[in-house]
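Here is the structure we will look at, set down as structure tokens.
The values are calculated or read from the model by the stated rules, or taken from the named source; none is laboratory data. A quick note: this is a predicted structure, and the numbers were derived from the prediction, not measured. Cβ coordinates were reconstructed from backbone atoms using ideal geometry, including for glycine residues, and neighbour counts include every protein chain displayed.
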Amino acid sequence: MNFSFYYLRKALASKKRGKIIAIEGIDGSGKTTVSTEIYSYLSSRGIPVYYSFEPTYMKIGSIIHRFLRGEIPLDPHSQALLFAADRLEHLSREIIPHIKQGENVILDRYVHSSYAYQGALLNDLKWVVTINKFALAPDLAIYIDVPPSTAIKRIKKKKGSKLSVYEHARFLGKVRNIYKLFVKKGELIEIDGTKEKDQVISNALALVCKNLKLKLT
């Protein structure tokens, strides 16, 4: 799909378009559980909604998944560029067509994941933000906060000892710090991910319903 992101942004200014709602957090924070529960809640109430995640399994995203599984090597700058390219493909092929139709898109990870993970990896947050400048800003971005030690325990309980290249406490601590930087900037809304699962989901749903002007039932 060929298009100009400049003119696309103007076209998407319509009040009838759906919203982009991103759920963010370090690995093991519970963001996948929360994002799927939000999708199920909205869908069950007849709200137009679409669910997706990043990295995708499109052509570029599939390369990223091979790297994450440890099958191929990628230098840190290539990783950042691939995540940014996968996001633009995701936008053009999935996210934008759905929000233009009035559907709300729930995302398990979006642009702030690149800021946090690649920013921590490269120690060059400014460059990572620059290469993602064409990504549409989310209408709501929720950050689920948990300490790295808690996240690692959850990951090991679920996956055993086989961790991905990013799933290590020291690195996740750096990632968490960048997420919190964007909380302070007002780009992310933080909720406590150490609370009981039902409470975390309820807190996230309250934010989503407020953003969509829906009554939480």
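If we keep just the residues of the stretch 90-135 that are among the small types (Gly, Ala, Ser) and part of a helix (DSSP H, G or I), which is nearest to Ile201 (Cα to Cα)?
Ranking the candidates gives Ser113 first.
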Just one of the numbered conditions (1) of a type outside the set (A, V, I, L, M, F, W, C); (2) modelled with pLDDT of 95 or more; (3) in contact with a helix residue (DSSP H, G or I) (Cβ under 6 Å, 6 or more places away or on another chain) is not true of Arg87; which one? (3)
When you scan the stretch 136-217 for helices (runs of 4 or more DSSP H) that lie fully inside it, which ones turn up with 2 or more residues that are among the aromatic types (Phe, Trp, Tyr) and modelled with pLDDT of 95 or more? 169-184
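Going by the conditions given, is Leu107 crowded, with 22+ Cβ neighbours inside 10 Å and either touching a Pro at 6+ places or on another chain (Cβ under 9 Å) or among the hydrophobic types (A, V, I, L, M, F, W, C) (or both)?
Against the criterion (crowded, with 22+ Cβ neighbours inside 10 Å and either touching a Pro at 6+ places or on another chain (Cβ under 9 Å) or among the hydrophobic types (A, V, I, L, M, F, W, C) (or both)), Leu107 qualifies.
A quick yes/no check of all residues on (1) part of a loop (DSSP other than H, G, I, E, B); (2) touching a residue at least 60 places away in the same chain (Cβ under 8 Å):
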{"residue": "Ala22", "(1), (2)": "no, yes"}
{"residue": "Gly28", "(1), (2)": "yes, yes"}
{"residue": "Thr32", "(1), (2)": "no, yes"}
{"residue": "Tyr41", "(1), (2)": "no, yes"}
{"residue": "Tyr51", "(1), (2)": "no, no"}
With the first residue restricted to the stretch 119-142 and required to be more than 24 Å from Val105 (Cβ to Cβ), and the second required to be among the basic types (Lys, Arg), Cβ contacts under 6 Å at 6 or more apart or on different chains are Ala120/Lys174
